[in-house]
1. Just the number please: accessible area per residue for the chain, 1.4 Å probe, all protein chains included, in Å².
2. Quick check: at a probe of 1.4 Å, how many percent of the accessible area of the chain sits on carbon and sulfur atoms?
3. Which length gain, in nm to one decimal place, applies between K100 and Q211 when the Cα-Cα distance is subtracted from 0.36 nm times their residue separation?
4. Taking loop as defined by DSSP and a crowding limit of 13 other beta carbons within 10 Å, which trypsin sites (Lys or Arg not before Pro) in region 1-82 fit?
5. Can you pull out the GluC sites (Glu not before Pro) in region 165-240 that DSSP calls coil and that have at most 11 other Cβ atoms within 10 Å?
6. How about region 159-241: which trypsin sites (Lys or Arg not before Pro) there lie in a loop by DSSP and see at most 12 other Cβ atoms within 10 Å?
7. Rounded to the nearest 500, what is the 222 nm mean residue ellipticity of the chain from helices alone, with -39500 (n - 2.57) per DSSP H run of 4+ residues and division by all residues?
8. How many angstrom separate the Cα center of region 15-92 from the Cα center of region 180-241?
Amino acid sequence: MKLYVCMIAMMHLKSKDSLTRGKDRGVAIDMPNYFYIIDHEQGLCLVDAGVDCTHGETPVPEGDPITVLGKLGYTTDDVRYVIMTHMHIDHTLYMSKFPKATFIIRKSELKMAWWHDKCEGGYFYDHYKDTRDFKYIQLPDDVDFDVFGDGQVVLTDTRGHSAGHQSVLLKMPKYGKIMLTGDAAALEDNLRSMLVPGFCTSIGKAEESLQKIQHYEDIGYELFFAHEVSKKVRLFPEYYE
Ligand SMILES: [Zn+2]
């Protein structure tokens with residue numbers, strides 16, 4: 001199994017406290033936007049689907065999922081599963097480009113993104129309006145879901161930032177254990193300072209999710225934060241295996 005960490009754009013935020021509630025208001029930060037490709041022997045997975053660069057983001061040349069998959073010798077039709085950590089606007093741009101894939105999303109997240117009964121920001125329907133007839137595995141809250149049944153790719157509930165946020169637990173055969181936190185801990189500072197995201201569906205659940213992420217680090221998972229600039233992380237075309 002291989003994991004590719006792919007950066008699609010650099011986002012520029014005027015105030016960091018939109019990620020770290022109550023801290024660093026007015027401090028501008030640059031934050032990368034990643035998607036991930038997991039090449040498992042039973043199928044190819046995409047985790048999250050990228051951001052468009054219409055709000056001042058700086059795109060990475062040839063950094064989009066279609067081009068990156070092409071460089072690996074794949075087309076979008078080769079992707080078996082699209083795993084969405086959540087469906088906020090900065091993660092959904094390319095969702096509609098994978099009509100042959102099965103999407104794995106929490107039901108509560110789909111409800112919020114598709115037919116929300118309360119007005120909650122962060123979603124952009126146009127990105128995924130053409131995906132309504134796609135195949136979905138709609139996961140309930142709280143359960144863990146083992147994508148391939150071998151424990152190598154497991155999805156775990158980390159809601160709170162959004163209604164049905166989930167994170168990805170990976171057991172890489174050579175490298176070891178990795179957790180893709182998603183925006184439950186967008187920055188390392190969220191975890192180290194126990195600061196919930198600036199935007200939360202539920203502050204209480206977001207705190208529980210930070211504690212859960214801390215637990216996984218405690219038992220040996222290396223954390224890959226969703227919007228952290230990290231010098232350590234191997235970016236595509238490098239990979240983890
Ligand atoms: Zn995000």
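The values are calculated or read from the model by the stated rules, or taken from the named source; none is laboratory data. Source: prediction; values computed, not measured. Cβ coordinates were reconstructed from backbone atoms using ideal geometry, including for glycine residues, and neighbour counts include every protein chain displayed. Ligands, DNA and RNA are excluded from the accessible area calculation, which covers all protein heavy atoms including side chains. Shrake-Rupley method; radii C 1.70, N 1.55, O 1.52, S 1.80 Å.
1. Details: 10440 Å² over 241 residues.
The answer is 43 Å² per residue.
2. For the chain, the apolar C and S fraction of the accessible surface comes to 51 percent.
3. Taking K100 through Q211 to full extension adds about 36.4 nm, to one decimal.
4. On the way: sites: K2, K14, K16, R21, K23, R25, K71, R80; in loops: K14, R21, K23, R25.
Loop-located and lightly packed - K14, R25.
5. E238
6. K174, K231, K232
7. -4500 deg cm²/dmol
8. First find each Cα centre; the distance between them is then 15 Å.
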